[in-house]
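Input: a single structure, listed below in structure tokens.
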There are 2 protein chains.
Amino acid sequence: MAKPSFNSLAFFLLLLSLLSPLSQSRRPPQFLRKPSRNQNPQINNNVVNQQQYKSYSYETRYFDQILDHFSFDDRLPNFRQRYLINSDHWVGPSRLGPIFLYCGNEGDIEWFAANTGFVWELAPRFGAMVVFPEHRYYGESMPYGSQKEAYKNASTLAHLTAEQALADYAVLITDLKRNLSAEACPVILFGGSYGGMLAAWMRVKYPHIAIGALASSAPILQFEDIVPPQTFYDIVSNDFRRESTSCFDTIKKSWDIITSVGQKTNGLDHLAKTFHLCGKLESSQDLSDWLDSAYSYLAMVDYPYPSEFLMPLPAYPIKEVCKEIDNLPDGTSVLDRIFKGVSVYYNYTGIADCFQLDDDPHGMSGWNWQACTEMVMPLSSDRNSSMFPEWDYNSTSFAEDCWDEFRVIPRPTWITTEFGGHNYKSVLETFGSNIIFSNGLLDPWSGGSVLKNISESVVALVTEKGAHHLDLRASTMNDPDWLVEQRASEVKIIEGWIVNYNEKLVFNM
Amino acid sequence: MAKPSFNSLAFFLLLLSLLSPLSQSRRPPQFLRKPSRNQNPQINNNVVNQQQYKSYSYETRYFDQILDHFSFDDRLPNFRQRYLINSDHWVGPSRLGPIFLYCGNEGDIEWFAANTGFVWELAPRFGAMVVFPEHRYYGESMPYGSQKEAYKNASTLAHLTAEQALADYAVLITDLKRNLSAEACPVILFGGSYGGMLAAWMRVKYPHIAIGALASSAPILQFEDIVPPQTFYDIVSNDFRRESTSCFDTIKKSWDIITSVGQKTNGLDHLAKTFHLCGKLESSQDLSDWLDSAYSYLAMVDYPYPSEFLMPLPAYPIKEVCKEIDNLPDGTSVLDRIFKGVSVYYNYTGIADCFQLDDDPHGMSGWNWQACTEMVMPLSSDRNSSMFPEWDYNSTSFAEDCWDEFRVIPRPTWITTEFGGHNYKSVLETFGSNIIFSNGLLDPWSGGSVLKNISESVVALVTEKGAHHLDLRASTMNDPDWLVEQRASEVKIIEGWIVNYNEKLVFNM
């Protein structure tokens, strides 16, 4: 019998970086996020299709979409946008049946549909239609006919932007409603992570399209200097320190050791052996990045019950990682401890014999493009508060790296110009309405999110022990009370939006 | 001494169609707005510069602007956006000096600056800075280096859209404020006609950039089926009927007469002679369009005092037109009456010996492009209520005409998808704030505007006898009380926005 290939595990890692749009790891300023984190979604899809997708029932449809909504360039082709739709529970236009619209983020929409059980579970209760449109340039929704053509260069990637994606959703849902004579049916937006950012932004930019938005784990403030750049890594670090100071210390110590071992004769081979790598290690930085990713993702998916969102993991996996690191016998080396700890993340099932750091050196992920154009989120690592190596965000070298990789110049101030940010409190207080910002404080992205109520209807639902868009996941038997309560609050608020909308509609008739 | 050239008068007409963005005249479905209404703004500028611009004091600056804010196409060049700025009265960042931002519309920005005296007069009172950015593709703000290159074809015109223009303003003002450390200073938007639409839309789309908007004569509802398509011509017609039923009847009769005379042998020559045309008349439709324009523009500028906005005109010029039409001796032909009436518009000063209908058959105005892409405003003329020939808007032939002229396909549902419209009341009621929609009911564009208060801070200021963005003009000794009161209300409301903003800011500090 063939040994299980660890490509599949690697795929999950790659998929993770693809699907956790915000997984922009700490990295030396001279490097972009490594190509190893980039992966052809088509390939991922295959893996995921076979292994991960839950069987929510929906119809897959395609919509002929305009590539540039904001210009009329006759040279641009249209493209086929995929969307998933289910009307089984919809009570229809006559009863103002709501439409639940999930704002697809940077990955295959079927994967998001499979991991957003909350929306599916809610539909029968609300008599709602469910629609999951796919984000352009991901999954099957590729301009220029294929991922290869769409990702060819800066000119073909040009229209991979959040504003275009929002316009896609606006055009799609408007057309869908018109065809169903459902113009009056209220639309509620859902989204997690980057999808949560899209949901919040769409509510603000398209208030005539959607009456409210649940934006889960949406770091809309992670731009420019709105939040301190070290927030992300501080939270990851605190998640580990909370479990164990010695675990935190061990990890903090490990980076220098990895670097210094790597510099020795045969040091890289020694590292490769210690960490059970399948292939040769090219530089100690590659190993550090691999570990950095594991810690960051662990913080994001530090869920209160066993899960398989990114990797098969136990409940509160950071606790388990730290147990492994701490509980080895006295005298065990730092690197052996680290390996044992990180194996909880990369090999919880124990089926991996070796690990591959870098699967697709020639890949280009869409999120890397987005991070190099609009989604410029400065991340740093603080010498004192972080367990990661010290690192300052440097916009110049970031721009140089983006130029080298994509021949594109980032616009780091564009997102706040287009969507706001610096004065978000006063703006949303007097302007917006009907947005829920939900966050779990274990999630490192919570540091860039809205954590306090802004007005009566722009509210923050925060759970101390929650992680990355946990609330959007399907309910389980193991859900702690605070999660059940958070979801109940969300349901109640959404109900309020709909009741309010219906009342106003009747009043205005 | 040379006879005064009537090119200059014609220029004003052309300029008018250029500057009254919404001057999309009734026309047979098979024709686009005639090229004669299109004019090279550069040439207009010269004329206008010499004759019309008032001497408000400002500095002219230029800003390096991105051509496509919503994509990252590396093939696109930047362009130089012109803006006018005056800080003489600005009290500066420390005292939170407001910034008055006029949303430039489809024409030379100096012309708008000269005709928006209200903003200049308000600046000292508010200690405000005044900024007039020019709309891309107009005046000097030409992509590709020149108007000729910018207007070359659909690919070069592609980025002439309202969303790009709004993004220009957002980027410009954000940069300007940052450079002045004036991030906290409140921005108030102003705009008239299409500029008023931009002001209202910018307030809704960029609430983090501007705290309020005065949108004067902004027909944001003149799209799809939100208002009946015959509203525009019904209002024009009512403006005439109000003055005199017989005047209305004479005009209504004239169209068939013109057509039938035009079909006779030498009929076109007869028409040309009757209407003192300088050149040969190619078709009776050209004459009808010329008259149609005059009536429509007269309705727009039916101001209560003598003005020279478009043409030198007496107070309430429609009254004067009808006097001329009605007061000719019994037995005067309908066409002679019409000529006498329309001469009030085209030749009030009496210096014109003949009229030229068509000055620039090869011109392409930017507004025609905008009307053929996003700004698709269906206009019809009703058999019974209108004094114009019956005419139904036909979207198919409109699209064909646009294809013939620009090789572009209109997106008639895009504006309402992007900016809303159908459900504007309920949306603005629960979402927006701080918008004044000001309108005069004589203005035919008032039919597509917001005429009723929507909420406490989204309000309509309507004057029964006002015309097209009269309130934005400089005050005069002849201003009627209702106009003085309208402006006073606007000032009071804007003061309220600023006071409110400052209080909130202090509170949040």
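The values are calculated or read from the model by the stated rules, or taken from the named source; none is laboratory data. Predicted model, so just to flag it, every value in this text is computed and none were measured. FYI the Cβ positions are ideal-geometry reconstructions off the backbone, even for glycines, and counts take in every protein chain you see.
Listed here are the residues, each with its yes/no results for (1) surrounded by 24 or more Cβ atoms within 10 Å (Cβ to Cβ); (2) closer than 23 Å to B:ALA210 by Cβ; (3) among the hydrophobic types (A, V, I, L, M, F, W, C); (4) within 11 Å of chain A (Cβ to nearest Cβ).
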site	(1), (2), (3), (4)
B:ALA128	yes, yes, yes, no
B:TYR137	yes, yes, no, no
B:GLU140	no, no, no, no
B:THR156	no, no, no, yes
B:TYR169	yes, yes, no, yes
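Could you please let me know if A:THR161 is within 14 Å of chain B (Cβ to nearest Cβ) and more than 22 Å from the chain's Cα centre (by Cα)?
Criteria not met by A:THR161.
A quick yes/no check of all residues on (1) farther than 23 Å from A:SER380 by Cβ; (2) away from chain B (no Cβ under 14 Å); (3) in contact with a Cys (Cβ under 7 Å, 6 or more places away or on another chain):
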residue: A:MET202; (1), (2), (3): yes, no, yes
residue: A:TYR206; (1), (2), (3): yes, no, no
residue: A:ALA218; (1), (2), (3): no, yes, no
residue: A:VAL227; (1), (2), (3): no, yes, no
residue: A:ASP234; (1), (2), (3): no, yes, no
residue: A:GLU243; (1), (2), (3): yes, yes, yes
residue: A:SER246; (1), (2), (3): yes, yes, no
residue: A:TRP255; (1), (2), (3): no, yes, no
residue: A:VAL261; (1), (2), (3): yes, yes, no
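Of all residues being more than 22 Å from B:LYS280 (Cβ to Cβ) and part of a loop (DSSP other than H, G, I, E, B) in segment B:356-372, which is modelled with the highest pLDDT? Just the residue, please.
Residue satisfying both the conditions and the ranking: B:SER365.
So, in segment A:388-409, of the ones that are buried (at least 18 other Cβ atoms within 10 Å of the Cβ) and more than 14 Å from chain B (Cβ to nearest Cβ), which residue ends up nearest to A:ALA213 (Cα to Cα)?
Only one residue tops the list, namely A:PHE398.
Regarding segment B:498-505, can at least one residue be identified that is within 14 Å of chain A (Cβ to nearest Cβ), under 18 Å from B:GLU121 (Cβ atoms) and touching a residue at least 12 places away in the same chain (Cβ under 8 Å)?
yes
A:GLY104: outside any helix (DSSP H, G or I), within 21 Å of A:ALA128 (Cβ to Cβ), within 25 Å of the chain's Cα centre (by Cα) and away from chain B (no Cβ under 14 Å), yes or no?
When the stated conditions are applied, A:GLY104 passes them.
Scan segment A:345-355 and tell me whether some residue there is surrounded by 22 or more Cβ atoms within 10 Å (Cβ to Cβ), touching a Leu at 6+ places or on another chain (Cβ under 9 Å), part of a loop (DSSP other than H, G, I, E, B) and not aromatic (Phe, Trp, Tyr).
Checking segment A:345-355: not a single residue is surrounded by 22 or more Cβ atoms within 10 Å (Cβ to Cβ), touching a Leu at 6+ places or on another chain (Cβ under 9 Å), part of a loop (DSSP other than H, G, I, E, B) and not aromatic (Phe, Trp, Tyr).
If I ask for residues that are farther than 17 Å from A:ALA215 by Cα and surrounded by 24 or more Cβ atoms within 10 Å (Cβ to Cβ), which ones from segment A:416-441 would you list?
Scanning segment A:416-441 gives a single hit, A:GLU418.
In segment A:241-269, how many residues are buried (at least 17 other Cβ atoms within 10 Å of the Cβ) and not in a helix (DSSP H, G or I)?
Qualifying residue count for the region: 1.
Given the condition among the β-branched types (Val, Ile, Thr) and more than 14 Å from every other protein chain (Cβ to nearest Cβ), answer yes or no: does some residue in segment A:410-431 qualify?
no
Give me a count of the residues in segment B:263-283 that are under 18 Å from B:GLN356 (Cβ atoms) and either polar (S, T, N, Q) or in contact with a Cys (Cβ under 7 Å, 6 or more places away or on another chain) (or both).
Number satisfying all stated conditions: 5.
Failed condition for A:ALA460, given (1) out of contact with any Pro (no Cβ under 9 Å at 6 or more places or on another chain); (2) within 14 Å of another protein chain (Cβ to nearest Cβ), with all others met?
(2)
Picking from B:SER146, B:SER141, which residue would you name as being among the small types (Gly, Ala, Ser) and free of Cβ contacts under 8 Å to residues at least 24 places away in the same chain?
Matching residue, one of B:SER146, B:SER141: B:SER146.
Considering (1) more than 14 Å from chain A (Cβ to nearest Cβ); (2) among the hydrophobic types (A, V, I, L, M, F, W, C); (3) surrounded by fewer than 20 Cβ atoms within 10 Å (Cβ to Cβ); (4) within 16 Å of B:TYR169 (Cα to Cα), say which one B:PHE63 fails and leave the rest.
Condition (1) is where B:PHE63 drops out.
Taking B:LYS323 as the residue in question, decide whether it is within 30 Å of the chain's Cα centre (by Cα) and either surrounded by 20 or more Cβ atoms within 10 Å (Cβ to Cβ) or in a helix (DSSP H, G or I) (or both).
yes
Among the listed residues A:THR463, A:THR430, A:THR476, which satisfies the condition of being of a type in the set (S, T, N, Q) and at pLDDT 95 or above?
Result: A:THR463 is the single residue among A:THR463, A:THR430, A:THR476 that is of a type in the set (S, T, N, Q) and at pLDDT 95 or above.
Give the residue, chosen from B:SER181, B:SER146, that is within 14 Å of chain A (Cβ to nearest Cβ) and surrounded by fewer than 17 Cβ atoms within 10 Å (Cβ to Cβ).
B:SER181
Which one is surrounded by the fewest Cβ atoms within 10 Å (Cβ to Cβ) among residues in segment B:66-84 that are within 7 Å of chain A (Cβ to nearest Cβ) and of a type in the set (D, E, K, R)?
B:ARG75
So is A:ALA213 at pLDDT 95 or above, assigned to a strand (DSSP E or B) and over 23 Å from A:ASN384 (Cα atoms) or not?
It is true that A:ALA213 is at pLDDT 95 or above, assigned to a strand (DSSP E or B) and over 23 Å from A:ASN384 (Cα atoms).
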